[in-house]
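The values are calculated or read from the model by the stated rules, or taken from the named source; none is laboratory data. Every value quoted in this text rests on a predicted model; they were computed, and no experiment measured them. Positions of Cβ are backbone-derived with ideal geometry, glycine not excepted, and every protein chain shown enters the neighbour counts.
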Amino acid sequence: EDKVVQSPLSLVVHEGDTVTLNCSYEVTNFRSLLWYKQEKKAPTFLFMLTSSGIEKKSGRLSSILDKKELFSILNITATQTGDSAIYLCAVNAGGTSYGKLTFGQGTILTVHP
Amino acid sequence: SAVISQKPSRDICQRGTSLTIQCQVDSQVTMMFWYRQQPGQSLTLIATANQGSEATYESGFVIDKFPISRPNLTFSTLTVSNMSPEDSSIYLCSVRGAQTEAFFGQGTRLTVV
């Protein structure tokens with residue numbers, strides 16, 4: 001059974017801090033790993049990673065995938081209160097499971113002023 | 001990115017009743033996915049809806065409880081039947097996008113009393 005584990009489950013920081021969120025996975029027929037930010041109901045897409053060692057970057061957020069060690073990290077630098085949210089990691093498997101996502105438990109990030 | 005309109009945004013329902021959630025996409029898509037997020041939990045896939053065939057349900061979900069329709073390539077409905085308080089969740093539909101494996105609708109927050 002496909003499995004995605006995120007750590008830490010929650011994190012409290014102050015504005016300006018840098019945070020690293022972790023995601024490890026076990027999945028057959030790996031296709032891609034995705035990061036989402038969830039503030040209210042709908043998860044908002046951040047990154048999709050398919051190749052090892054290639055960093056994806058968007059502003060203060062960046063992410064990288066290690067397919068050998070089966071994990072990914074999401075970095076947020078110079079955090080702001082608006083970064084407070086649940087960050088979800090999900091893995092998409094290919095084959096007969098193509099298109100279905102398996103989600104981790106999420107990391108609840110709280111950024112204090 | 002695809003624009004997904006999901007209705008209703010939220011509802012409070014009596015136990016024993018049923019609620020139908022609608023998901024409309026602004027472009028034709030082959031597969032649509034329905035997820036559930038129970039309070040404090042991550043997203044779990046309920047089923048995959050393909051146009052012209054019966055939905056494929058994940059382990060733990062059955063058609064009698066969560067009937068799904070997919071009349072065309074831009075629309076799907078999920079019905080939560082004979083509701084109990086345990087069905088109180090956020091329900092989300094998703095489709096594949098050009099840059100991501102899953103793009104989500106706004107979600108439906110269901111409370112069963």
By residue number, the members of the range A:21-36 that are modelled with pLDDT of 90 or more and aromatic (Phe, Trp, Tyr) are A:TYR25, A:TRP35, A:TYR36
I'd like to verify a number: residues in the range B:33-46 that are more than 10 Å from chain A (Cβ to nearest Cβ) and either part of a strand (DSSP E or B) or free of Cβ contacts under 8 Å to residues at least 24 places away in the same chain (or both), how many?
3
Go through (1) over 20 Å from A:ASP2 (Cβ atoms); (2) within 12 Å of chain A (Cβ to nearest Cβ); (3) crowded, with 20+ Cβ neighbours inside 10 Å for B:VAL25 and report which single condition fails.
(2)
Identity of the residue in the range B:54-76, within 19 Å of B:LEU43 (Cβ to Cβ) and touching a strand residue (DSSP E or B) at 6+ places or on another chain (Cβ under 6 Å), that ends up surrounded by the most Cβ atoms within 10 Å (Cβ to Cβ)
B:SER76
If you go through the range B:50-102 one residue at a time, how many are free of Cβ contacts under 8 Å to residues at least 60 places away in the same chain and among the hydrophobic types (A, V, I, L, M, F, W, C)?
10
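Go through the residues of the range B:77-87 one by one and say whether even a single one is part of a strand (DSSP E or B), within 14 Å of the chain's Cα centre (by Cα) and either modelled with pLDDT under 95 or within 14 Å of chain A (Cβ to nearest Cβ) (or both). Give the derivation first.
Quick first cut of the range B:77-87, residues part of a strand (DSSP E or B) only: B:77-80.
Next, from what is left, pick out any that are within 14 Å of the chain's Cα centre (by Cα): B:77-80.
Filter once more, so that each one left must be either modelled with pLDDT under 95 or within 14 Å of chain A (Cβ to nearest Cβ) (or both): none.
Within the range B:77-87 (the criterion being part of a strand (DSSP E or B), within 14 Å of the chain's Cα centre (by Cα) and either modelled with pLDDT under 95 or within 14 Å of chain A (Cβ to nearest Cβ) (or both)), the answer is no, since none of the residues qualifies.
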Among (1) assigned to a strand (DSSP E or B); (2) small (Gly, Ala, Ser); (3) farther than 20 Å from B:GLN41 by Cα, which single condition is A:ALA78 missing?
(1)
Going by the conditions given, is A:THR50 more than 12 Å from chain B (Cβ to nearest Cβ) and at negative phi?
no
Assuming B:SER59 fulfils every condition listed in (1) part of a strand (DSSP E or B); (2) farther than 14 Å from B:VAL25 by Cβ apart from one, which condition is it?
(1)
Picked from the range A:91-110 (must be more than 7 Å from every other protein chain (Cβ to nearest Cβ) and at pLDDT 80 or above), the residue surrounded by the most Cβ atoms within 10 Å (Cβ to Cβ) is A:VAL91
Just wondering, is there one or more residues in the range B:101-110 that are part of a loop (DSSP other than H, G, I, E, B) and hydroxyl-bearing (Ser, Thr, Tyr)?
no
Which of (1) surrounded by fewer than 15 Cβ atoms within 10 Å (Cβ to Cβ); (2) more than 12 Å from every other protein chain (Cβ to nearest Cβ); (3) modelled with pLDDT of 95 or more does A:GLU69 not meet, given it meets every other one?
(3)
Go through B:THR17, B:THR30 for me and flag whichever is surrounded by fewer than 18 Cβ atoms within 10 Å (Cβ to Cβ) and within 14 Å of chain A (Cβ to nearest Cβ).
B:THR30
